[in-house]
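A.B. asks: Structure below; questions to follow.
The values are calculated or read from the model by the stated rules, or taken from the named source; none is laboratory data. On a predicted model such as this, the values are computed, not experimentally measured, just so you know. A quick note on method: Cβ atoms are made from the backbone with ideal geometry, for glycine too, and the neighbour counts reach across all protein chains shown. Each accessible area value is taken on the protein alone, full model and side chains, heavy atoms only, with ligands, DNA and RNA left out. Shrake-Rupley method; radii C 1.70, N 1.55, O 1.52, S 1.80 Å.
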Amino acid sequence: MQKTYYDPADLKKFGKISEWNQELGDKFFDYYGKVFEEGALTAREKSLIALAVAHTEQCPYCIDAYTKDGLQRGITKEEMMEALHVGAAIKSGASLVHGVQMMNKVNKLDG
């Protein structure tokens, strides 16, 4: 089997990012933990959001983690795919809306 840059086993090493800077690592994990606590959004909703963002950011570690987390929280594959499409629509729309800047520049240079 061909080895890739992204090794799924590395996800288990995520907590080690604190080793080279304990203070900042601890602050990150405190923040991260707080973000995913129940609040105005449920942990299930946050997991689904995280899964969609993981895809738009194209992070294979996050995709693995939040696919597993979502399944454990009862998120269906249909809900996951719909969330992915929401993320994709926003990502593509954000790319396309920047076309207005290009159009403004062309109009300025042609004018």
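A.B. asks: Confirm whether Lys68 is modelled with pLDDT of 95 or more, charged (D, E, K, R), within 22 Å of Met81 (Cα to Cα) and assigned to a helix (DSSP H, G or I). Break it down stepwise before answering.
C.D. replies: Working: modelled with pLDDT of 95 or more: yes; charged (D, E, K, R): yes; within 22 Å of Met81 (Cα to Cα): yes; assigned to a helix (DSSP H, G or I): yes.
In short, yes.
This table checks each residue for (1) open to solvent by 70 Å² or more (accessible area, probe 1.4 Å); (2) at positive phi; (3) among the charged types (D, E, K, R).
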site: Ala65; (1), (2), (3): no, no, no
site: Lys68; (1), (2), (3): yes, no, yes
site: Glu78; (1), (2), (3): yes, no, yes
site: Ser95; (1), (2), (3): yes, no, no
site: His98; (1), (2), (3): yes, no, no
site: Met102; (1), (2), (3): yes, no, no
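A.B. asks: Somewhere in segment 5-28, is a residue among the hydroxyl-bearing types (Ser, Thr, Tyr), in contact with a helix residue (DSSP H, G or I) (Cβ under 6 Å, 6 or more places away or on another chain) and in contact (Cβ under 8 Å) with a residue 12 or more places away in the chain? Walk me through how you get there before you give the answer.
C.D. replies: First, the residues of segment 5-28 that are among the hydroxyl-bearing types (Ser, Thr, Tyr): 5-6, 18.
This time we only want the ones that are in contact with a helix residue (DSSP H, G or I) (Cβ under 6 Å, 6 or more places away or on another chain), so: 6, 18.
Pick out the ones that are also in contact (Cβ under 8 Å) with a residue 12 or more places away in the chain and you get 6.
Yes, that holds for at least one residue.
A.B. asks: What is the one condition in (1) open to solvent by 90 Å² or more (accessible area, probe 1.4 Å); (2) in contact (Cβ under 8 Å) with a residue 24 or more places away in the chain that Glu82 does not satisfy?
C.D. replies: The single condition Glu82 does not satisfy is (2).
A.B. asks: Separate question: Being farther than 15 Å from Val53 by Cβ, free of Cβ contacts under 8 Å to residues at least 60 places away in the same chain and open to solvent by less than 100 Å² (accessible area, probe 1.4 Å) is the requirement here; does Gly87 meet it?
C.D. replies: On the way: farther than 15 Å from Val53 by Cβ: no; free of Cβ contacts under 8 Å to residues at least 60 places away in the same chain: yes; open to solvent by less than 100 Å² (accessible area, probe 1.4 Å): yes.
The answer is no for Gly87.
A.B. asks: Condition first: free of Cβ contacts under 8 Å to residues at least 12 places away in the same chain and charged (D, E, K, R). Now tell me which residues in segment 70-79 satisfy that.
C.D. replies: As a first pass, look at segment 70-79 and keep what is free of Cβ contacts under 8 Å to residues at least 12 places away in the same chain: 71-72, 76-78.
Across segment 70-79, the qualifying residues are Lys77, Glu78.
A.B. asks: Which number in (1) surrounded by fewer than 15 Cβ atoms within 10 Å (Cβ to Cβ); (2) in a helix (DSSP H, G or I) marks the one condition that Glu37 misses?
C.D. replies: (2)
A.B. asks: Checking Glu82 against (1) in contact with a helix residue (DSSP H, G or I) (Cβ under 8 Å, 6 or more places away or on another chain); (2) of a type in the set (Asp, Glu); (3) part of a helix (DSSP H, G or I): exactly one of these is not met. Which one?
C.D. replies: Going through the list (1) in contact with a helix residue (DSSP H, G or I) (Cβ under 8 Å, 6 or more places away or on another chain); (2) of a type in the set (Asp, Glu); (3) part of a helix (DSSP H, G or I), Glu82 breaks only (1).
A.B. asks: May I pose another question? Are any of the residues in segment 80-96 of a type in the set (Ser, Thr, Tyr) and in contact with a Pro (Cβ under 8 Å, 6 or more places away or on another chain)? I'd like the intermediate steps shown before the answer.
C.D. replies: The initial filter retains those residues of segment 80-96 that are of a type in the set (Ser, Thr, Tyr), namely 92, 95.
In the following step, the residues that additionally are in contact with a Pro (Cβ under 8 Å, 6 or more places away or on another chain) were identified as none.
Checked against the condition, which is being of a type in the set (Ser, Thr, Tyr) and in contact with a Pro (Cβ under 8 Å, 6 or more places away or on another chain), segment 80-96 yields no hits at all.
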